[in-house]
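Below is one structure, written out as structure tokens; the observations come after it.
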Amino acid sequence: MKQRLLLKDLKKNRTKWFMILPAAVVVILMCYIPMSGIVLAFKEFNYHDGIFGSPWAGFKNFLFFFKSGKAWSVTRNTILYNIAFLTVNTILQVSVAIVLSEINRKRFKKVTQSVMFLPYFISWVVVGAFIYNLFNYEFGAINTFLKQVGAGTVDVYSNPKAWIPILILVSLFKNIGYGTVMYLASVINIDPQLYEAADVDGATIWQKIRHITLPGIRPTMIILILLSIGTIMKGDFQMFWQVTGNNPMTLGVTDVIDTYVTRSLMYMQEFGMTSAAGLYQSVFSFILILLANYAVKKVEPDYTLF
Amino acid sequence: MKKWKQILSCALTAILVTGALTACTGGGTAGTSASGSDTPASATSTPVESVSSAESAPALEEVVLTMYLLGDRTPDFDMVFDQINEKMKEKINATLDVKFLGWGEYEQKYPLLFASGEDFDLIYSADWAMYNSQASKQGFYEITQDMLNTYAPLTAASIYEDAWEQSKVDGKVYMLPMNYKELTAYVFFVRGDLMEKYGIDKVESIDDIETYLQAIADNEPGMIPLDVGSDFDARFLYDLFWQAETAGRLEKVNPQQLMSYIATGDDSATVFNETEDPAFLSTVEKLKEWKDRGFWSKSAVVNTQNNRESFAAGKSATALMNINNAKADYTTLTQAHPEWDIRVVDAQGTAPAIVQSYLANGMCIFSKSKNPERALMALDLMRNDEEIHDLFSYGIEGVHYNNLGDGKIELTDANENYPYDGNCNWGIRNDAYWKSIAGGIPNYDELYDNWIKTAKGSEYQAFTFNNESVRNEVAAMGEIYTTDMKLLYLGFAENPEQDIANVQTKLNAAGMQAVYDEMTRQAKEWHDSIK
């Protein structure tokens, strides 16, 4: 009976089914099939026996992560940074999107959007070079300027605290344009009649934003936030590695799971241990997203992911 | 109408996606199918001189062997290899298809080659380029004495016994290491024009270097006296100071990331950490003093440019490098900047030069190679056929170099298209045919004579540590090596004594003792076995 229904649905909505086909193929090929590689985390891998034939290692591959006592600090850093990025990025992306939607001059709007979007395409390696040329102690732009005006120099690379705002700003620089476009699209989708009605009632611009725009883009916000919670255990490796220059002096506040794992295994090439670290991140991300989804379900059952 | 448009766009997306996917997978197989068609069946007419002792087939089937090297393909590389292949084809009816792994990516791609099941036969390897880690994961084909006798008789006759012994991992040989004794010694480059400017008559010792660096630090605000700190040179100065203090009483045990030493003459082979030796504190203190005097950048730990590049760019006044790099740099730099009047200064001081392990360069056969015997035959020729060895090492005679006789050659202008000893030919270097460049560093002979008198290798150079039972501890220690230790190697220490104690606490927490216990056991076993 159920099968009949599915067949019927396939026939009835064949265009829609056809439309999700490419996405489904990609997800199955790129995500579900490689997932079997998770077994690597529990294997003592060698080339001869391959992924499935290598001997089992139990949980031995996970040990290195906890050996150095850094597991907690890097996990904490990863989560805190992602929360900070998420909050700051979302607030600014939404604000900029609303401001842009209120501006009527088309050319200005287009130029601003493009300029903000541009950094999204700049490689982290290049951003890392910018940062180095800004903060280098002897020849960096900042110190050169400070020397010119007769002020003392700053040594940013040996000052861990400085890196928290730097990383947040850099993340903002890269991602603000991308998010803004998403939110802008959802602002534009709000029914203009609502604004007209508000005008008739004599609402101020702030009232319109608060009571029409913000509630209107709430579904988009919730979905985007839920999606990024799924990656909260993954530090953006390129960003942390390149921007900080893998600087040993600031690791206390700049080390995230991904950079820590890379450094530990750089000379070893242990596929099993790398997979173990990946699995650790994925399992925690999965739990977090389930919890977040559950929380959203309690408050706004309509906006959940699943 | 609208519906049609929808269907069309869907179909287009589907085509694009499948196209992208097949393009990705197609790349992997293209390399194998493209082979073997350039010269048709001449298989019957090939006499096999070098393997005449082998009873294997009277005529060898034609094969194309894929060989991976490190570095970048130089402009004339294919031209040189066309000639090599011509000779190879004539002698063993095999040709080489060479692929490169660039310096920037080889650390990631090298292990992937083995894991992805790509079809290749030969690959460059070295103790610093993953020989041990890949060998212990069965990535390489085992080379036995029998195989050597049958398929590589020239190598069997010429290979240094030490080299053969050193390449053993768990008693099995997976590599043909270079047949070449390499000396590692460090030199400073200093600039004569700056010496003159600040009234320094001579720079010959470490103390003179100190004076020179101080003069630069005081007077040249636009220059960094010595721009160390990149992954390439972060521990160069440390090594010099440390070796000067510990030569003759400590033996280094590889790998470097485990910071392990054994006291010279200690038959119990007890392994300990370098930080536990009193000389470590004095070395770090000296480095800190130099760093505080501004001899290198306060941002040195995030430096991505190595000191050779900085020196060449005129950003720094001194360069520190090993003699092999120095030979190449000296020639190019004196041509580009004759006004600098570059002087080459011995940096070894009282520290003896190091005779490199033979494993510093070598060639391996892939464990899943379809033609391991033929690969071995090809290696035999590359190592021992003078013509092929010379082509690979120096390029084409008359084009890239001129032979002056007496083991000396002269480079031509075209040499930059196939640099001397710069095409990852290091794994097949053979002392019997080695030729050096005439000219170059003026005081080279004097320097070399000094070094060769005292040069020695570590007693445990040939020992290879199998880390299987302590991999987690090794990973944790490796992490400390790249962070806390790197800071100390560059003199970044607020309070050396305290910082060293902190590192020791971390190392102990990481399980250092377990690693050293295992290492001591293996080292003792190895030590007893060679007596």
Problem set entry | Those residues of segment A:55-95 which are charged (D, E, K, R) and more than 23 Å from residue A:251 (Cα to Cα), in sequence order | A:60
Exercise. Pick from B:298, B:288: which is touching a residue at least 60 places away in the same chain (Cβ under 8 Å) and out of contact with any strand residue (DSSP E or B) (no Cβ under 7 Å at 6 or more places or on another chain)?
Worked result: B:288
For this session: Would you check if residue A:82 is closer than 30 Å to residue B:513 by Cβ and more than 14 Å from every other protein chain (Cβ to nearest Cβ)?
Result: no
For this session: Tell me which of these residue A:244 doesn't satisfy, since it passes every other one: (1) surrounded by fewer than 19 Cβ atoms within 10 Å (Cβ to Cβ); (2) within 14 Å of chain B (Cβ to nearest Cβ); (3) farther than 30 Å from residue A:50 by Cβ.
Result: (1)
Seminar exercise, completed: Conditions (1) surrounded by 18 or more Cβ atoms within 10 Å (Cβ to Cβ); (2) of a type outside the set (D, E, K, R); (3) not in a helix (DSSP H, G or I) -> residue A:58 fails only (1)
Seminar exercise, completed: By residue number, the members of segment B:510-529 that are within 13 Å of chain A (Cβ to nearest Cβ) and free of Cβ contacts under 8 Å to residues at least 24 places away in the same chain are B:513
For this session: Return the total of residues in segment A:109-122 being surrounded by 14 or more Cβ atoms within 10 Å (Cβ to Cβ) and closer than 11 Å to residue A:170 by Cβ.
Result: 1
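If only one of A:51, A:91, A:38 is closer than 30 Å to residue A:221 by Cβ and part of a helix (DSSP H, G or I), which one is it? Break it down into steps so the answer makes sense when it comes.
Values: A:51 fails: closer than 30 Å to residue A:221 by Cβ; A:38 fails: closer than 30 Å to residue A:221 by Cβ.
None of the others qualify; the one that does is A:91.
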Exercise. Conditions: (1) more than 14 Å from chain A (Cβ to nearest Cβ); (2) under 30 Å from residue A:253 (Cα atoms). Residue B:490 meets all but one. Number of the miss?
Worked result: (1)
For this session: Determine which single condition residue B:280 fails, assuming it passes every other condition in (1) at pLDDT 95 or above; (2) part of a loop (DSSP other than H, G, I, E, B); (3) not hydroxyl-bearing (Ser, Thr, Tyr).
Result: (2)
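Somewhere in segment B:450-462, is a residue away from chain A (no Cβ under 14 Å), modelled with pLDDT of 95 or more and crowded, with 19+ Cβ neighbours inside 10 Å? Please lay out each step first, then the result.
Filtering segment B:450-462 for residues away from chain A (no Cβ under 14 Å) gives B:450-462.
Adding the requirement that they be modelled with pLDDT of 95 or more leaves none.
The answer is no; no qualifying residue exists.
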Seminar exercise, completed: For residue A:26, the lone unmet condition from (1) out of contact with any Lys or Arg (no Cβ under 8 Å at 6 or more places or on another chain); (2) over 21 Å from residue A:231 (Cα atoms); (3) assigned to a helix (DSSP H, G or I) is (2)
Seminar exercise, completed: Of the residues in segment B:128-157, those that are touching a residue at least 12 places away in the same chain (Cβ under 8 Å), under 24 Å from residue B:529 (Cα atoms) and either away from every other protein chain (no Cβ under 14 Å) or of a type in the set (Gly, Ala, Ser) (or both) come to B:133, B:135, B:136, B:143, B:144, B:148
Exercise. Which residue out of B:74, B:95 is outside any helix (DSSP H, G or I) and in contact with a Pro (Cβ under 8 Å, 6 or more places away or on another chain)?
Worked result: B:74
For this session: Residues being within 14 Å of another protein chain (Cβ to nearest Cβ) and surrounded by 21 or more Cβ atoms within 10 Å (Cβ to Cβ): count how many of those fall in segment A:219-240.
Result: 1
Exercise. Any chance segment B:202-214 includes a residue that's outside any loop (DSSP other than H, G, I, E, B) and small (Gly, Ala, Ser)?
Worked result: no
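When segment A:168-183 is examined, which residues are found to be free of Cβ contacts under 8 Å to residues at least 40 places away in the same chain and β-branched (Val, Ile, Thr)? Walk me through how you get there before you give the answer.
Within segment A:168-183, the subset free of Cβ contacts under 8 Å to residues at least 40 places away in the same chain is A:169.
Listed by number, the list is empty, since nothing qualifies.
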For this session: Just give me the residues in segment B:245-295 being more than 18 Å from residue B:493 (Cβ to Cβ), surrounded by fewer than 19 Cβ atoms within 10 Å (Cβ to Cβ) and within 14 Å of chain A (Cβ to nearest Cβ), in sequence order.
Result: B:256, B:257
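Before we move on, is residue B:285 at pLDDT below 95 and not polar (S, T, N, Q)? Spell out the reasoning first.
Numbers: at pLDDT below 95: no; not polar (S, T, N, Q): yes.
Criteria not met by residue B:285.
If I filter segment B:174-193 down to residues being among the aliphatic types (A, V, I, L, M) and surrounded by 21 or more Cβ atoms within 10 Å (Cβ to Cβ), which single residue comes out as nearest to residue B:132 (Cα to Cα)?
B:175
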Seminar exercise, completed: Only one of B:121, B:97 is more than 11 Å from chain A (Cβ to nearest Cβ), crowded, with 20+ Cβ neighbours inside 10 Å and more than 13 Å from residue B:174 (Cβ to Cβ), namely B:121
Exercise. Pick from segment A:121-134 the residues that are under 16 Å from residue A:240 (Cβ atoms) and of a type outside the set (A, V, I, L, M): which of them is nearest to the other protein chains (Cβ to nearest Cβ)?
Worked result: A:132
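Would you tally the residues in segment A:53-79 being within 14 Å of chain B (Cβ to nearest Cβ) and either of a type in the set (Asp, Glu) or closer than 18 Å to residue B:476 by Cβ (or both)? Can you show your working first?
The initial filter retains those residues of segment A:53-79 that are within 14 Å of chain B (Cβ to nearest Cβ), namely A:53-55, A:57-74.
Now drop any that are not either of a type in the set (Asp, Glu) or closer than 18 Å to residue B:476 by Cβ (or both), which leaves A:57, A:59-74.
Number satisfying all stated conditions: 17.
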For this session: Please state which of the following conditions residue B:176 fails to meet, knowing it meets all the rest: (1) outside any helix (DSSP H, G or I); (2) assigned by TED's automatic domain parsing to the domain that holds residue B:310.
Result: (2)
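Residues checked against (1) crowded, with 19+ Cβ neighbours inside 10 Å; (2) in contact (Cβ under 8 Å) with a residue 60 or more places away in the chain:
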{"site": "A:93", "(1), (2)": "yes, yes"}
{"site": "A:124", "(1), (2)": "no, yes"}
{"site": "A:146", "(1), (2)": "no, no"}
{"site": "A:185", "(1), (2)": "no, no"}
Problem set entry | Every residue from segment B:296-308 that is within 12 Å of chain A (Cβ to nearest Cβ) and not in a helix (DSSP H, G or I) | B:296, B:297, B:298, B:299, B:303, B:304, B:305
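Touching a strand residue (DSSP E or B) at 6+ places or on another chain (Cβ under 9 Å), in a helix (DSSP H, G or I) and assigned by TED's automatic domain parsing to the domain that holds residue B:388, is that true of residue B:163? If you could, list the steps in order and put the result at the bottom.
Values: touching a strand residue (DSSP E or B) at 6+ places or on another chain (Cβ under 9 Å): yes; in a helix (DSSP H, G or I): yes; assigned by TED's automatic domain parsing to the domain that holds residue B:388: yes.
So residue B:163 passes the test.
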Exercise. Out of (1) within 14 Å of chain B (Cβ to nearest Cβ); (2) more than 30 Å from residue B:486 (Cα to Cα); (3) among the acidic types (Asp, Glu), what's the single condition that is false for residue A:302?
Worked result: (1)
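The values are calculated or read from the model by the stated rules, or taken from the named source; none is laboratory data. As the structure is a prediction and not an experimental result, all values here were calculated from the model. Cβ atoms come from the backbone with ideal geometry, glycine included; neighbour counts cover every protein chain shown.
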